[in-house]
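Chemist: Okay, here's the structure, questions in a sec.
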Amino acid sequence: MKIRSLLFIVAILCLPTAATRANNEYEFYRLASEPFIRIGLATNASSATITTNDSSLVAVSPDEPSRLLSSTRVTVSARAYRPPEIENYRVEFQNLPTQADAAALAKDIRDATGETALASLDPATNLWKVWVGSIKETSVDAEELKAKLAEKDFDDAVIVTEKKTVASPDAVALSQQLKTGGKSEVRSLIKTTGSSQPNVSGPVDPNLREVIVNAPSASYSSLKSVAFGSVNERANPVKLNGKAYRGRIEVFVNARGSLTVVNVVPIEDYLLGVVPAELGLPQLEAQKAQAVAARTYAIANIGAYGKQGFDMVPTIWSQVYLGVSIETKMGTMAVQQTRGLVATYQGKPIMAYFTSTCGGRTEDGGNIFDQGEPYLKGVECSLEGHRHFEPFLIKTTRQPAKLRDEANLELARQMSSFASNGFFLSASQMTDDWFEDVPHENEVSNWLTQLAGRFGKPLTGVTRDSARPTELARLIAGFIYAPGYADTMLTESDINYQLSFDDAGEIPKDRRAEVALLLRDGYFTIHPDLTLKPNRPFSRAKLLRLITEIYQKKKWMPEMLSGTAKPTVDGKLVLKNGKGERQVTVRPDVFLFREFGNNMYPVREAALVGGEQVNYQLDAVGAVKYLEIKPTDSPTTAENMSPWVFWNKSASAGEVQSRLSRYVRGIGTLYDINVKKVGYSRRPIELEIIGSNGVKTLKGGKIRSALRLPEQLFVMNKRYSGSTVTGYTFTGRGWGHGVGMCQYGAFGLAKMGVKFDEIIRHYYTGVDVTKAY
């Protein structure tokens, strides 16, 4: 039975409007007005303390005017019903000795006054008395009759007061309510008794209990539900046991004889205490999606706990609701900006389940719960294809190198690093042919000038011939060694020993010592065919390797900063910085590399979803000019910021048997368990349980509950002693039941720029977002 106190009765109407969708006619869902929601805050309370910061509490019961309590604090309890005590008055003449005396007096009174007068024996005294007139409801009426008798010289009349209990109309009405209320557990009157001629006939239930309201200024009892609010409920929300709630706090007696305490609140005010509690992550569009889902779930579940007198509970068994204390600015904006919006399927509000962390994929509702819905289909917790990574992309205007020779990958990396630090790069796109070509004179001049500057040596007379090995040996030896070092420190046998390759004889005599010294110290190399080719200029690749070798030996390689990336924001590199983050602008022409396998490859764009290790260089204004990205091994789905992305739980075979036995009877000794069937998301949806009493099965969401796992998306490893399974390790992803909207996923999608309505449609297949009121 749906319970509503008179003040909060809400007429919910569905107004049909034709709409065409996929060639089918559906009705738009529409409510006449914003509904109220009843939240069962307590279901077995012995007492409740209700307070306000306002000037006074106001109490309201069905079919009664509001009662200003002139108090800011009341304590509510329950007790056995005490019928009201009433006083009646009658006029008598007492202590008459005989029946004849009483009869004669009665006759005289009737003759003199016209009042009725009846003679009777008083068993208490064994004397006679005369009862005059009717029973009087007030002492005033009795005194008037006594005075009337005195005027007729009947002076010794006595007024007798009688006290008795009489069941109130509310007691009769409540007894009738309980008799016809079916399975309702509500034991307080929640219907009107009727204000003109209430039906007060019928028996009274002997087990009635009443609500007791104790306030410093006044106390009273009621067989009806009592709702408490503030004079100004918006500014000063009422409090239950110190915790503030919008709307009113209603109290009534339940089937246990204790109190049920219900927060009766407009749904939009209710959502203010739900959205931040369910999804407090700082993205407005995610919280707006949560507001739509929570509003839809609330409307779809009106009456879910109807026999107990409310709609939902404030916990994960319905939706987490924490009242005023949890309200936030963003949560309030999310509720206000989606006012009245609900998710509907074929014109009806959906059962909008949501889960904390889905593990990368949600599951079909029918595989977890007893009943599936067409809109509760498993989906990926990400956008389709490349679109999922677009918000996280770092891009460059540079054309990445186009290479066939894997050996040139490292050269492209070194050339890019040098180019970002002043080395001249003549090509818009590095290729294998470009590396194998002879550098132009301006390239040689620039590269050697950079090198000379490092050594602090002058450089003059650079020509294209400066790239020939013999001329290059002169220049490089002049940078590295003291004047005359090669000729002085190497004997002719030393030189011949180092120059023992095929074309060493082509080296001019005055350059032999310098070439030998550079070969000995690892700066020069020869070709694979055991030749130096002294008259052929070095290719760009060979000259770059020479410069790199010198820079590495001298520890002059461009300095790299390193860090851990967070998801890219607006094309900026976001770095972890302690518990916070630091955003760094990336130049449009950044040299960009991403690791595949063990090699860095030049790329045009790369996604930073969070967790990647990066090496980078900054220019003079602090912008990133060179960036290397090592991909993360963490999940890349939208919910990857959840602390429950991955988890491990272990249990012995005995522990697993104990857990399963609560859900599956007659296992006997547990031998093994196997996954027999998985769902769309690869969640196990049927377990095979092998025990000494045979093979049993466990299906659906009970698997997670039985095994006491955070989520049902898991794989299972077994530990053995011989052929006996001794334990299990469950490795899984996610937290929750895995059906409907993923809350961390909604947060991730919102960070990617996805709007709330698209988030709703992503997780709930085929739904509409409808304005219900």
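Chemist: Give, rounded to the nearest 20 debye, the magnitude of the charge dipole that the chain has about its Cα centre when Lys and Arg contribute +1 at Cβ and Asp and Glu contribute -1 at Cβ. Walk me through the numbers before you get to the answer.
Modeler: Values: 92 positive and 83 negative charges, 245 e Å.
Computed charge dipole of the chain: roughly 1180 debye.
Chemist: To make sure I understand the rule: partners must be lysines, Cα under 27 Å from the Cα of Lys129, and not fewer than 8 residues away in the same chain. Which ones qualify?
Modeler: Candidates past the 8-residue exclusion: Lys107, Lys146, Lys148, Lys152, Lys163, Lys164.
Chemist: Which lysines have a Cα lying under 23 Å from the Cα of Lys239, excluding residues fewer than 8 positions away in the same chain?
Modeler: Answer for Lys239, where 23 Å is the Cα cut-off: Lys224, Lys329, listed by chain and number.
Chemist: Under a Cβ-only charge scheme (Lys and Arg +1, Asp and Glu -1), can you give me the dipole magnitude of region 548-706 about the Cα centre, in debye to the nearest 20? Walk me through the intermediate numbers first.
Modeler: Values: 25 positive and 16 negative charges, 147 e Å.
Computed charge dipole of region 548-706: roughly 700 debye.
Chemist: Per-residue ellipticity at 222 nm for the chain, helices alone: DSSP H runs ≥ 4 residues times -39500 (n - 2.57), over residue total, nearest 500 deg cm²/dmol?
Modeler: Values: 20 runs with 192 residues, N = 773.
Helices in the chain give a 222 nm mean residue ellipticity of -7000 deg cm²/dmol.
Chemist: Can I ask one more? Once you list every other residue whose beta carbon is under 11 Å from the beta carbon of Gly378, what net charge do they have if Lys and Arg are +1 and Asp and Glu are -1?
Modeler: Numbers: positive: Arg361, Lys377, Arg682, Arg683; negative: Glu363, Asp364, Glu380.
In short, +1.
Chemist: Within the accessible area of the chain, what % is carbon and sulfur when the probe is 1.4 Å and the other protein chains stay in place? Don't skip to the answer; put the middle values down first.
Modeler: Numbers: 17520 of 36530 Å².
Taking all protein chains in place, the chain shows 48 percent carbon and sulfur surface.
Chemist: With +1 on the Cβ of every Lys and Arg and -1 on the Cβ of every Asp and Glu, and nothing else charged, how large is the dipole of region 56-98 about its Cα centre, in debye rounded to the nearest 20?
Modeler: Numbers: 5 positive and 5 negative charges, 55 e Å.
It comes to approximately 260 debye.
Chemist: Here is a further query. Asp405 accessible area, nearest 10 Å², 1.4 Å probe?
Modeler: Its heavy atoms expose roughly 70 Å² to the probe.
Chemist: Where the Cα atoms of the chain are projected onto their three principal axes, how long is each span, largest first, in whole Å?
Modeler: 170, 64, 58
Chemist: Also, I was wondering about something else. At a Förster distance of 60 Å, what's the computed FRET efficiency of Asn232 paired with Val621, Cβ-Cβ distance as r, to 0.05? Before the final figure, lay out each step's value.
Modeler: Numbers: r = 56 Å, r/R0 = 0.93.
For Asn232 and Val621, the calculated efficiency is 0.60.
Chemist: Among Ala294, Gly40, His386, which residue has its Cα positioned farthest towards the positive end of the charge dipole of the chain, with +1 placed on the Cβ of Lys and Arg, -1 on the Cβ of Asp and Glu, and the dipole taken about the Cα centre?
Modeler: Going by the Cα projections, it comes out as His386.
Chemist: If you restrict to DSSP beta bridges whose two residues both lie in the chain, what percentage is antiparallel, to the nearest 5?
Modeler: 95 percent
Chemist: Heavy atoms only, probe 1.4 angstrom, no DNA, RNA or ligands counted: give me Val274, Val166 ranked by accessible area, highest first.
Modeler: Working: Val274 0, Val166 60 Å².
So the residues, ranked largest to smallest area, are Val166, Val274.
Chemist: With the Cα gyration tensor of region 474-556 giving a ≥ b ≥ c as the square roots of its eigenvalues, does the rule (a/c under 1.5 for rounded; else a/b larger than b/c for prolate; else oblate) give rounded, prolate or oblate? Provide the component values of the computation, followed by the final result.
Modeler: Details: a/c = 1.79, a/b = 1.09, b/c = 1.64.
Oblate, since a/c reaches 1.5 and b/c is not below a/b.
Chemist: Here is a follow-up. What per residue convex hull volume, in Å³, do the alpha-carbon atoms of region 215-297 yield?
Modeler: 142 Å³
Chemist: Could I ask something else about it? Sorted by packing (mean other beta-carbon atoms within 10 Å per residue), highest first, where do 250-263, 477-490 land? Intermediate values should be presented prior to the final figure.
Modeler: Details: 250-263: 23.4, 477-490: 15.4.
Output ranking for 250-263, 477-490: 250-263, 477-490.
Chemist: Asp54: net charge of surrounding residues, Cβ under 14 Å, Lys/Arg +1, Asp/Glu -1, itself excluded?
Modeler: Details: positive: Arg73, Arg234, Lys239, Arg246, Arg248; negative: Glu233.
Charge balance near Asp54 sits at +4.
Chemist: Over 22 Å between Cα atoms, which of Lys402/Lys630; Lys348/Lys702; Lys457/Lys554; Lys395/Lys554 qualify? All intermediate terms of the calculation are to be shown ahead of the outcome.
Modeler: Details: Lys402/Lys630 20 Å; Lys348/Lys702 28 Å; Lys457/Lys554 15 Å; Lys395/Lys554 33 Å.
Long pairs (Cα-Cα over 22 Å): Lys348/Lys702; Lys395/Lys554.
The values are calculated or read from the model by the stated rules, or taken from the named source; none is laboratory data. No experiment lies behind these values; they were computed from the predicted model shown. All Cβ positions, glycine included, derive from the backbone under ideal geometry; neighbour counts span all protein chains shown. Surface areas here come from the heavy atoms of the whole protein model, side chains and all, with no ligands, DNA or RNA. Shrake-Rupley method; radii C 1.70, N 1.55, O 1.52, S 1.80 Å.
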